[in-house]
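Everything below concerns the one structure shown next.
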Amino acid sequence: MRIILLGAPGAGKGTVAKLLNERDGSIQISTGDILRSAVKAGSELGKKAQGYMERGELVPDDVIMEIMETRLREPDCQKGFILDGFPRTIPQAEALKKLLQKLNMKLDLVVNLDVPNEVVLDRLTTRRTCSNPDCQEIYNIKSKPPEPDGRCKKCGWKVVQREDETEEAITKRLITYNEKTAPLIQYYEKEGSLETIRSTSSEEIVRLIAKAIENRKA
Ligand code: AP5
């Protein structure tokens with residue numbers, strides 16, 4: 001499948017993307033994960049992105065488009081991809097449209113994960129993430145805890161709270177989402193490619209996404 005996952009911070013995009021990947025092998029492309037790995041590695045990209053991320057602001061569109069063009073040209077994307085956290089602005093959506101045309105690729109669906117605000121806030125403060133840049137498994141101290149000693153169940157690295165998980169950065173990320181990213185819902189609705197899913201069960205969301213794609217192909 002080739003899909004975009006839209007949704008507020010904490011809506012569960014990363015969790016759903018990982019389940020979809022297990023289901024049919026489509027590659028999860030998370031711009032947030034790519035940027036966090038770059039920050040950890042201290043690369044040029046990481047240095048450019050770090051300040052924006054810690055403040056809960058968006059990294060500039062040109063930086064993101066360079067990452068995405070390189071990533072989407074990689075051969076594994078032929079299997080299908082799940083865009084998690086991209087696009088996040090109208091200019092990114094416009095640039096993605098041109099890029100997909102250039103690569104001769106077509107999207108199957110844009111999914112809007114609609115989760116109530118209070119759920120999102122609770123999930124963000126209780127989320128933990130594997131510190132291994134090659135793993136980045138997502139945990140939650142309430143709904144999906146790591147090993148009792150705080151290690152990742154998949155790779156054994158320490159599970160930590162993200163740098164942008166401070167109350168101030170979370171508030172800023174939610175404001176940024178409403179201002180810059182929420183307008184994409186209307187944008188893709190007008191294009192006829194949007195499906196809004198209201199569920200707090202990730203497994204149910206995965207089932208509904210697969211069904212929506214099937215229905216559109218029928
Ligand atoms: P990014 O990493 O994309 O963060 P985000 O969009 O804020 O999304 P999150 O990762 O916070 O949440 P999620 O929806 O993936 O939820 P998750 O599955 O983890 O971006 C970080 C930063 O990078 C941005 O602020 C920006 O600076 C920069 N950036 C990234 N992309 C960019 C772009 N395109 N342009 C510009 N800048 C960009 O779930 C959350 C928690 O809930 C977890 O603990 C999970 O276990 C739990 N949970 C999930 N589903 C369920 C469920 N069904 N039931 C119970 N618990 C659940």
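The values are calculated or read from the model by the stated rules, or taken from the named source; none is laboratory data. In this text the structure is predicted, and so the values were computed from the model without any measurement. Cβ coordinates were reconstructed from backbone atoms using ideal geometry, including for glycine residues, and neighbour counts include every protein chain displayed. For accessibility, only protein heavy atoms count, side chains too; no ligands or nucleic acids. Shrake-Rupley method; radii C 1.70, N 1.55, O 1.52, S 1.80 Å.
Data table
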| item | result |
| --- | --- |
| Check on Val206, open to solvent by less than 30 Å² (accessible area, probe 1.4 Å), in contact (Cβ under 8 Å) with a residue 24 or more places away in the chain, in a helix (DSSP H, G or I) and of a type outside the set (S, T, N, Q) | yes |
| Filtered residues of region 1-46 (kept if assigned to a strand (DSSP E or B), within 7 Å of the ligand (Cβ to nearest atom) and within 18 Å of Leu72 (Cβ to Cβ)) | Ser30 |
| Lone unmet requirement of (1) over 15 Å from Phe81 (Cα atoms); (2) within 10 Å of the ligand (Cβ to nearest atom); (3) of a type outside the set (Phe, Trp, Tyr); (4) in contact with a Leu (Cβ under 9 Å, 6 or more places away or on another chain) for Glu54 | (4) |
| Set Ile90, Ile67: member being within 21 Å of Tyr187 (Cα to Cα) and in contact (Cβ under 8 Å) with a residue 24 or more places away in the chain | Ile90 |
| Scope region 55-76; condition modelled with pLDDT under 95 and open to solvent by less than 10 Å² (accessible area, probe 1.4 Å); matching residues | Gly56 |
| Extreme residue, farthest from Asn117 (Cα to Cα), among residues of region 182-203 that are open to solvent by less than 70 Å² (accessible area, probe 1.4 Å) and out of contact with any strand residue (DSSP E or B) (no Cβ under 7 Å at 6 or more places or on another chain) | Gly192 |
| Which numbered condition Ile67 misses (of (1) at positive phi; (2) more than 7 Å from the ligand (Cβ to nearest atom)) | (1) |
| Residue list for region 40-54, restricted to those being open to solvent by 20 Å² or more (accessible area, probe 1.4 Å) and either free of Cβ contacts under 8 Å to residues at least 60 places away in the same chain or within 17 Å of Met1 (Cα to Cα) (or both) | Gly42, Ser43, Glu44, Leu45, Lys47, Lys48, Gln50, Gly51, Tyr52 |
